[in-house]
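Input: a single structure, listed below in structure tokens.
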Amino acid sequence: MLSENIKVIRKSKGFSQQDLAVKLNVVRQTISKWEQGLSVPDSDMLISLSETLETPVSTLLGETVIESEADAVKALCEKLEIINLQFARRKTLRRKVLHWSLILLCVVIAAVSAALAVINSPYLGWDYGAPETAVMGVAIHAFEWGFVRLAPFALTAALVGVFLTRKKVD
């Protein structure tokens, strides 16, 4: 039981036989003999071993430690790694979508600005005596008035956003 417990706990802590030997100030062959059951540590060394492995002496001497505990920790680490990769991919995808949305916003603002410059506000010469023309003229005038005043701010914010969401070179 002791030999198997030392081996299982050492592996679950991520120590090689050499690592454990260095920590206990013994040679690697000593650890190997303990794990093979060819020898046992004395009482002082057993206490040092329990402190190094952060395991009570009673656990080292007690029933066989189940290897599945170490496997469960390893499986949990693998699952966490997968979750972290999924979060990283999701974050990258969101950044790309935002980046291209901001580029599209810049293009739309530039296109609308060009269209307004080309048509040169023909609605100002409309006859507002007809109700349909008056309503449409007011709507177009309100849109142009709001667009001309807000577009520079929106374009500046979108350009800053494009700059901030660009792919960073590692």
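The values are calculated or read from the model by the stated rules, or taken from the named source; none is laboratory data. The structure displayed is predicted, hence computed values, not measured ones. Glycine also receives a Cβ, built like all others from the backbone with ideal geometry; neighbour counts cover every protein chain displayed.
Being surrounded by 12 or more Cβ atoms within 10 Å (Cβ to Cβ) and out of contact with any Ser or Thr (no Cβ under 7 Å at 6 or more places or on another chain) narrows it down to one residue among MET1, MET45; which is it?
MET45
Results for (1) at pLDDT below 80; (2) closer than 23 Å to VAL97 by Cβ; (3) in contact with a helix residue (DSSP H, G or I) (Cβ under 9 Å, 6 or more places away or on another chain); (4) outside the structural domain of ARG95 (by TED's automatic domain parsing), shown as yes or no for each residue.
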residue	(1), (2), (3), (4)
MET136	yes, no, yes, no
GLY146	no, no, no, no
LEU155	no, yes, yes, no
LEU159	no, yes, yes, no
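So in the stretch 52-79, with the set limited to residues that are among the acidic types (Asp, Glu) and in a helix (DSSP H, G or I), which one is modelled with the lowest pLDDT?
GLU69
Please state which of the following conditions LEU49 fails to meet, knowing it meets all the rest: (1) farther than 16 Å from PHE15 by Cα; (2) hydrophobic (A, V, I, L, M, F, W, C); (3) modelled with pLDDT of 80 or more.
(1)
Within the stretch 47-69, identify whether any single residue is within 27 Å of the chain's Cα centre (by Cα) and of a type in the set (Ser, Thr, Tyr), and answer yes or no.
No, the stretch 47-69 contains no residue that is within 27 Å of the chain's Cα centre (by Cα) and of a type in the set (Ser, Thr, Tyr).
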